[in-house]
Amino acid sequence: MPNELRVHCAIPPYILEYLLEDEDGEVRQAALNTLLTTARLRGQRSILAAFPGAATPGNGRRTVFDCRNGTNLSFAVLARSEDGPPSTDEAANRAFESLGQTRDFYQRVFARNSIDGRGMRLDGYVHFDEKYNNAFWDGRAMCFGDGDGIIFSDLTGSISVIAHELTHGVTEYTAGLEYRDQPGALNESMSDVFGALVEQWTLNQTAEQADWLIGREIFTPRVPGDALRSLKAPGRAWARDPQPDHMSKYVHTTKDHGGVHYNSGIPNKAFYLTAVTIGGYAWQAPGTIWYEALKASSSDTRFQEFADTTYRRAGELYGADSPQQRAVLGAWQQVGIDITGVPAGAATEQALLLGRSGSTGQEDSVTSTAGQVRALTEKVRELSRDVAELKESVTARR
């Protein structure tokens, strides 16, 4: 691990920056304090360096500490351990349970032994700072703020957020995607995808039943229907959501490490479309394809390379031209990324059938067109054979 903290935060900086303009002075102050605290953390050497066992193998053992509204983790006190009784602090219990559910998801679905694949222990720190509007993974542990009580509630209240943060660790130990530009946006997208899958797995929801929202419970808790991000509808998770859902809307910026929290909406949408087209439980075929593609990625993998890898992995896992592979092909086409080496016509025809749901707002029609996609693909193959036979006949006559 490097000497400096890898602070991956659940709340995008653009949300906190928007809150600096809020009419409520308490909200403005909490947002400012959160931004300043996070900036200080990123400049520090690892605050867990004094804890030599923090990243050692431990079969995913969970320990939750109470920071008592401080920021120095060495002063935190034990709140709940793997062998101890439930805490009287519900924030500690929520963190403990969600750490366990995320660990169990990776173990049971992908046979992964904790975050690093080697049994890394899971340490959580609740009540970090005062009115801290964020939760973060620093490469060794998770820290949770209590929120300002107005825009954000206690960040232990969302399993999708907790699984999102822990997945940054999975990505770090698997592909090491650099946290900038497109590799960074893929890093964020992996966390959103698997954050959503952990929640769906816990609730036993199908792709069609799930709402595909990240952090709905802790963001504006008194406002129904909004969230930090939406994989189903990037750009529509909340009133000022800036995420694009198509490469034509790609955000070019030097802020946010090159827009990692913005442009993650594009691969997020591709995964959602893949999942609803395949149908059933999204952590099964779609999740397996994405997880295997992550394992095959490197630190500088970009959108095009990742899309191509998901297509190849789908073919290897489920068969060439299988419904799963066709779903991947059509999904990436819909967000403006053609799979390398695949005839453009096939991808275009599938995109037309799927109706460009990202731009028309008719995502739910994707599932019903899957059969039409299969039928059209077969017709394209038949037409290709007819053309080949016709060419042979013309050649023979000559």
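Each row is one residue, and each column tells you yes or no for (1) more than 22 Å from Pro13 (Cα to Cα); (2) touching a helix residue (DSSP H, G or I) at 6+ places or on another chain (Cβ under 7 Å); (3) assigned to a loop (DSSP other than H, G, I, E, B).
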position	(1), (2), (3)
Val223	no, no, yes
Asp241	no, no, yes
Pro267	no, yes, no
Pro286	yes, yes, no
Trp290	yes, yes, no
Here are some conditions: (1) buried (at least 17 other Cβ atoms within 10 Å of the Cβ); (2) assigned by TED's automatic domain parsing to the domain that holds Ile266. Arg222 meets all but one. Which one does it not meet?
(1)
Subset of the stretch 117-141 (residues that are under 16 Å from Leu78 (Cβ atoms) and either in a loop (DSSP other than H, G, I, E, B) or modelled with pLDDT of 95 or more (or both))
Arg121, Leu122, Asp123, Gly124, Tyr125, Val126, His127, Phe128
Pairs needed: first member in the stretch 69-85, assigned by TED's automatic domain parsing to the domain that holds Phe96; second member anywhere, of a type in the set (Lys, Arg); C-beta distance under 6 Å; at least 6 residues apart or different chains.
Glu82/Arg61; Glu82/Arg62
Report yes if some residue within the stretch 145-161 is among the charged types (D, E, K, R) and touching a His at 6+ places or on another chain (Cβ under 7 Å); otherwise report no.
yes
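Of Ile150, Ile162, which residue is in contact with a Phe, Trp or Tyr (Cβ under 9 Å, 6 or more places away or on another chain) and modelled with pLDDT of 95 or more?
Checking each option against the conditions leaves just Ile162.
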Pull out all pairs, ordered by first then second residue, where Cβ-Cβ is under 6 Å, the residues are six or more apart or on different chains, the first lies in the stretch 274-303 and is within 11 Å of Leu186 (Cα to Cα), and the second is polar (S, T, N, Q) and crowded, with 20+ Cβ neighbours inside 10 Å.
Arg302/Gln182; Phe303/Gln182
Any idea which of (1) among the basic types (Lys, Arg); (2) closer than 18 Å to Gly139 by Cα; (3) buried (at least 17 other Cβ atoms within 10 Å of the Cβ) is the one Arg118 doesn't satisfy?
(3)
I need every pair where a residue in the stretch 19-30 that is part of a helix (DSSP H, G or I) has its Cβ under 7 Å from the Cβ of a residue that is of a type in the set (A, V, I, L, M) and exposed (fewer than 15 other Cβ atoms within 10 Å of the Cβ), sequence separation at least 6 or different chains.
Arg28/Leu20
Number of the exception - Ala196 against (1) under 18 Å from Trp290 (Cβ atoms); (2) modelled with pLDDT under 95:
(2)
For residues in the stretch 72-113 being modelled with pLDDT of 95 or more and hydroxyl-bearing (Ser, Thr, Tyr), which is surrounded by the most Cβ atoms within 10 Å (Cβ to Cβ)?
Thr102
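Could you identify the single residue in Ser297, Ser357, Ser322 that is of a type outside the set (A, V, I, L, M, F, W, C), within 21 Å of the chain's Cα centre (by Cα), in the same structural domain as Tyr250 (by TED's automatic domain parsing) and at pLDDT 95 or above? Even if it seems obvious, please write down each step before you answer.
Working: Ser357 fails: at pLDDT 95 or above; Ser322 fails: within 21 Å of the chain's Cα centre (by Cα).
When all the criteria are applied, what remains is Ser297.
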So which residues in the stretch 203-229 are more than 17 Å from Leu155 (Cβ to Cβ) and either under 18 Å from the mean Cα position of the chain (by Cα) or at pLDDT 95 or above (or both)?
Leu203, Asn204, Gln205, Thr206, Ala207, Glu208, Gln209, Ala210, Asp211, Trp212
Exactly one condition in (1) outside any helix (DSSP H, G or I); (2) more than 19 Å from Gly176 (Cα to Cα) is false for Leu317; which is it?
(1)
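Considering only the stretch 185-206, I want to know if a residue exists there that is more than 23 Å from Thr274 (Cα to Cα) and buried (at least 19 other Cβ atoms within 10 Å of the Cβ).
Narrowing the stretch 185-206 to residues more than 23 Å from Thr274 (Cα to Cα): none.
Within the stretch 185-206, not a single residue is more than 23 Å from Thr274 (Cα to Cα) and buried (at least 19 other Cβ atoms within 10 Å of the Cβ).
The values are calculated or read from the model by the stated rules, or taken from the named source; none is laboratory data. For clarity, every value in this text was computed on a predicted model and none was experimentally measured. Glycine gets a Cβ as well: all are built from the backbone with ideal geometry, and neighbour counts include every protein chain shown.
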